[in-house]
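The values are calculated or read from the model by the stated rules, or taken from the named source; none is laboratory data. From a predicted model like this one, the values you see are computed outputs, not experimental measurements. Virtual Cβ from ideal backbone geometry, glycine too; neighbours counted across all protein chains shown. Note: areas computed on protein heavy atoms with side chains; ligands, DNA, RNA excluded. Shrake-Rupley method; radii C 1.70, N 1.55, O 1.52, S 1.80 Å.
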Amino acid sequence: MFTISVPASSANIGPGFDSAGVAVSRYLTLQVREADEWQFIHTTSLIPTVRKFEDHFIYKVAKQVADWHDCTLPPAEVTMESEVPLARGLGSSASAIVAGIELANQLCDLNLSEREKLDYAVKIEGHPDNVAACLLGGFVVTVKMREEASYKKLPAIDTDLVVYIPNFELKTEDARKVLPQNFGMKDAATASGVSNLMISALLTGDYELAGKMMESDLFHESYRAKLIPNYFDIRSNARNLGAFGTVISGAGPTMISFVPNGEGEEIAAEMQRLLPDYEVESLKLDENGLQVKVNINN
Ligand code: HSE
C-alpha cells in the first residue's frame, strides 16, 4: 500500500538545549500492506519485539491518534526496518512516534496537517526537539510553552555530520538526573546568548563561530560529560581533524560533530581508528523529514 520513512534526529546541539534538533540520515522505514489481521515484521534487530501486536509501540501510537479521530484502524501488515539505535540519543522514540502518527493518518485517511502531526507528536513524546526535526527534516528550533509548541525550520545547513555511537545505552531520565534543578538569572542570560549566537552563526554560514558556540553550552554538556567516556578526547580529536564543533547528541551517550561539507567520510574514518569501541559514521543532515510513498503496484 505505502511506505513511511522517518529520519533519526539529534536534539540540543549544545546550547539549544530542549529546543534545537537536526534530522540525520539514518532511517526508520515501515512498509505497510493491507491484511486480515495486524502483524509487525522486523527485518532488523534494533526494534524491540513484542508478543501481541497491541503492545507494539507503533501500533499504540497509531491507535491513540485513530481514537482521537473516532476511527477504527483497519488491520495491516507492517514490515519495519530500523537504522536508529535505541537509547543512544538519536531520537528512536521520536522516529517511532512520527511513524505511528503517519500510519494512522494513512490508514484512517485523516488528512492531518503538519501542525496537527507535530501537536500529536509533542503530546505523546512530551517535548518537541526531536519530533519536530524528524517530522520536518533539517535543523529545527522549537519551544514549548503552556503545552503549545512553536517551531521554525532553518534554511539548509551546509555541513557534514559525524556521529560517535558507543556500545552502551543511556536513558534520558538518567541523563536528566545529573542536571541542576535551578539556574541563576545571570547564567541563564549567558547560556541563552550562546544559543542565540549559535543560531545566528548557522543562519549566516559562519560555521566556525557556530561550532565554537556549540562547544560553549552552559545548560547541560558539562554535567553530562562525566556520563560519556572519551567525551573530551572526542571533542579535541575531532577539532584537530577539522570539525567545527562536537556536542552530545540529545541526552547522549552518542556525540555528534558538525564538520566541513565533503570531509565527513575522511574525518569519520580517522576518528573510527581512534575510537575502536565506538561506531563512528559520517552522516548528512536529512532535509526531507517524514516521507510517504504510495506503492501503486499493490
Ligand atoms: N532535550 C532532551 C534532553 C533530549 O537533553 O534531555 C532527550 O530526548
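Please state which of the following conditions GLY126 fails to meet, knowing it meets all the rest: (1) open to solvent by 30 Å² or more (accessible area, probe 1.4 Å); (2) closer than 30 Å to PRO74 by Cα; (3) within 14 Å of the ligand (Cβ to nearest atom); (4) at pLDDT 95 or above.
The number of the failed condition is (4).
Just one of (1) surrounded by fewer than 17 Cβ atoms within 10 Å (Cβ to Cβ); (2) at pLDDT below 95 trips up VAL143, so point out which.
(2)
Check ARG115 against each of (1) surrounded by fewer than 18 Cβ atoms within 10 Å (Cβ to Cβ); (2) not in a helix (DSSP H, G or I) and name the one condition it does not meet.
Condition not satisfied by ARG115: (2).
Having 1 or more residues that are in contact with a Leu (Cβ under 8 Å, 6 or more places away or on another chain), among the hydrophobic types (A, V, I, L, M, F, W, C) and more than 16 Å from the ligand (Cβ to nearest atom) is the bar; report the strands (runs of 3 or more DSSP E) wholly within the stretch 204-292 that clear it.
On the way: elements: 245-248, 255-260, 279-284.
Here the list reads 255-260, 279-284.
Going through the stretch 226-242 one residue at a time, which ones are of a type in the set (A, V, I, L, M) and open to solvent by 10 Å² or more (accessible area, probe 1.4 Å)? Break it down into steps so the answer makes sense when it comes.
We begin by selecting, within the stretch 226-242, every residue of a type in the set (A, V, I, L, M); these are 227-228, 234, 238, 241.
Passing the criteria: LEU227, LEU241.
Determine, yes or no, whether ALA156 is of a type in the set (Gly, Ala, Ser) and open to solvent by 70 Å² or more (accessible area, probe 1.4 Å).
Yes.
Which pairs have Cβ atoms under 9 Å, sit 6 or more apart or on different chains, and link a residue in the stretch 174-186 that is under 14 Å from ALA251 (Cα atoms) and open to solvent by less than 70 Å² (accessible area, probe 1.4 Å) to one that is away from the ligand (no atom under 13 Å from the Cβ) and charged (D, E, K, R)?
VAL178/LYS226
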